[in-house]
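Working notes for the structure below.
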Amino acid sequence: MKRLVRILDGNMFVLSEDNGDMVFTPTGPSGFFAFDTRFLATWRLSLNGELLHPLAVHEPNYYEIRFFLVPGHPTHYVDAKVSVIRDRWMSDSGFRERLTVLNHSGAPVSYVVRIDVDSDFAPIYNVVWPQASALRGYREVSDRLRLGCRRERFHRVTEISSSEPADFDEHGLTFRVQLDRQGRWSTTLHVQSLVLRPDGLDTQHRLQLPSDRARPRLRRELSRWVASAPRLHCDWEPLMMTYRRGLEDLAGLRFSPLALPHETMFAAGLPWSAAVIGRDAILTCFQTLPFVPGLASTTLRLLALLQGTVLDDFRDEEPGKILNELRYGEMAAFEERPQSPYYGGADVTPLFVVLLDEYQRWTGDSELVRELEDAARAALHWIDEYGNMRGDGYLWYRTRNEQTGAQNHCWKDSPEAICYADGRLPGLPRATCELQGYAYDAKRRGARLAREFWADPAYADRLEREAEELKQRFNRDFWISAGGYFALALGPDGDQVDALASNMGHLLWSGIVEHSRAGAVAEHLLGPRLFSGWGVRTLATGQFRYNPLGYHVGTVWPFDNSLIAAGLRRYGFRAEAGRIAESVIGAAQHFAGRMPESFAGYDRELTRYPVPYPAANSPQAAATGTTFLLLRTLLGLEPQGDHMVVHPEIPERIGRIELLDIAGRWGLMDAIGNPRVDRN
């Protein structure tokens, strides 16, 4: 059982066993991580040489956890004469842990408290896919323990200190404790992650607050974050639960990027994606604009700052392209992987323009639109210049980096995700259907920005004309008449990749679907082959590669469903959108209110509850944002000039929804919706 503790900086987290120990495994995620590096791989507590067993674990919020422990195994702890309370919470550069040993006997006792420590300084990729490292490790022992590693200019250190005297050695620290009858002993340990220059000096600020001040500060910041969001009232407890949990998880995923150290944005997810992932950052900001709009401006500025400027095959970089991933670990630093940054995502660039327009519509921040005009124009130019690599007006992708680059440059980026119904994989380049929808939407939105803010009506006219031509061409070339649905992609020969998949739901969200075909698309999305009862599967049953536990070939992704529901609502299928919202939010209650990144695509009637996907991020930003976009969809919230339109359509089971103090260019407004009552 793993317990994940998150810091306010989403680049830093602890993942431990349910007794608080971090146990080194070459392929396991357990440890203390910061900036893509595992600073601790082993952190094991023992009492008189005996490991401890958990009686209870309490996780009050994202930055702290408490373990109640006794020695030994369940066979003999019932009448334990000693117990240990292990409090752990995060600070700005690491974590603190307070150990309290309680003597429950009627006589004085002596204990040896030991913590074994080790680190491999592995990048997160090496934890999952181990490979040789050139890091040189060292250890320094004084009144504290420093574990370090160096490789040229790459220098990382883990520093461990204690508030009570300890015997430090190269492999940990030991306390020899004398306790009176019914007595107690306590110490606070401080673990810091340090990024050092080659001369050994710190390059990051180290928190020097006393340990009893760290948690109150984090508690105040969390309270301010939650209080700044709209207040939700609803009789349906699953919605209330996932809304509260979502706000807290979003708070835990915030971090300050190194390029903009005084601003915050969302990390993509923990543990595998505690980094800048362009796609996830954009989508999460889009989903949460009516609720926590402040992080969108940071996201847009950072992505514009790191926008591609040259042709770089290793990074799949092209002028105007928006980055897909940015990491700081050893493998990225020494170009053993291209994420420093990596631009291998064909969807991120049009989505950048989509978010910029949507942000202005909600906030009225016209200055940012003018500030990022060059970046937005460059992104739109990339769609036509580099994305349109075959000259047929479609957005295609193929990697320039054939050794370590990603094969698929869409959100379904696993190798087998883009496939024919019979299981064959198309060659490259590929043009997935949702990419065309994003490009269409980006051109439409770019036209509005050009006309209203950039004083360029001719450019706006051109973009609108190109968008309309793309829509007509797309509805001709991607439509599979025999099946009544849109192809998943076009292959390199222009043939239809005919798998039935959830991607076409994104087409409704973007608005590229002709209205005459929207009904058939909706019927497929809610039909038994795609809809599991908990949500829309990524790939329909009956397809050769369908697997209910396949990452992109059969699981249910909540963020995917949030865009599908918004698209159904856009085309007037409000009851269908409500059905998806009710199902996905209902699934979250089986995950303690946390919206999972993905879960198995088994039929609801078969399992009766949603089955977790074993390697999913938890929390994951775009999954967390799902609840918020579904709420917007249910209430029909749309900005129109300086006003917000509310047009609710709410399933009867969810009941009355009150969302109060929604911030926007109109100030604060309330949205109230009563349920639809079925009379049949």
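The values are calculated or read from the model by the stated rules, or taken from the named source; none is laboratory data. Bear in mind that the values here come from a model prediction, so they are computed numbers and not experimental data. SASA here: full protein model, heavy atoms, side chains in, ligands and nucleic acids out. Shrake-Rupley method; radii C 1.70, N 1.55, O 1.52, S 1.80 Å.
When Ser142, Ser532 are compared by accessible surface with a 1.4 Å probe, the order from highest to lowest is Ser142, Ser532.
Just subtract the alpha-carbon distance of Leu668 and Val645 from 0.36 nm times their residue separation and send over the number in nm, one decimal.
Numbers: separation 23, 0.36 × 23 = 8.28 nm, distance 1.28 nm.
7.0 nm is the gain from fully extending Leu668 to Val645.
Tell me the accessible surface of Asp603 in square angstrom (1.4 angstrom probe, heavy atoms of protein chains only), to the nearest ten. Taking all protein chains as shown, Asp603 has close to 70 Å². Over the residues of the chain, the helix contribution to mean residue ellipticity at 222 nm works out to -9000 deg cm²/dmol, using -39500 (n - 2.57) for each DSSP H run of at least 4.
Based on protein heavy atoms only, the range 203-354 ends up with 33 Å² per residue of surface accessible to a 1.4 Å probe. Using the Karplus relation 6.51 cos²θ - 1.76 cosθ + 1.60 with θ = phi - 60°, the per-residue 3J(HN,Hα) values for the range 417-426 come to 5, 9, 8, 7, 4, 8, x, 5, 9, x Hz, with x marking Gly and Pro.
Is the C-alpha gyration tensor of the range 499-589 telling us rounded, prolate or oblate? Criteria: a/c under 1.5 is rounded; beyond that, a/b larger than b/c is prolate, otherwise oblate.
Values: a/c = 1.92, a/b = 1.25, b/c = 1.53.
Because a/c hits 1.5 or more and a/b fails to exceed b/c, the range 499-589 counts as oblate.
Is the shape of the range 45-198 rounded, prolate or oblate, going by the alpha carbon gyration tensor and its root eigenvalues a ≥ b ≥ c, with a/c under 1.5 for rounded and a/b larger than b/c for prolate? Taking the square roots of the gyration eigenvalues as a ≥ b ≥ c, the range 45-198 is prolate. In terms of its alpha-carbon gyration tensor, the range 263-393 comes out oblate; a/c meets the 1.5 threshold, while b/c is at least as large as a/b.
[x] 27.5; [y] 31.9; [z] 26.4: which one is Kirkwood radius over Cα pairs in Å as calculated from this entry? So the structure-derived entry is [z].
A simple rule links phi to the HN-Hα coupling: the Karplus curve 6.51 cos²θ - 1.76 cosθ + 1.60 with θ = phi - 60°, which for the range 137-146 gives x, 8, 9, 10, 10, 8, 7, 7, 10, 10 Hz, with x for Gly and Pro.
Quick one: work out the % antiparallel among DSSP beta bridges in the range 43-180, nearest 5. Kindly include the intermediate steps, with their values, before the conclusion.
Details: 54 of 54 bridges.
Once the DSSP bridges in the range 43-180 are tallied, antiparallel ones form about 100 percent.
Note on the chain: with neighbouring protein chains present and a 1.4 Å probe, carbon and sulfur make up 48 percent of its accessible heavy-atom surface. The mean sequence separation of alpha-carbon pairs under 8 Å and at least six residues apart, normalised by the residue count of the chain, gives a relative contact order of 10 percent. With θ taken as phi - 60° and the Karplus curve 6.51 cos²θ - 1.76 cosθ + 1.60 applied, the whole-hertz 3J(HN,Hα) list for the range 277-287 is 10, x, 4, 5, 4, 5, 5, 5, 4, 4, 4 Hz, x standing for glycine and proline.
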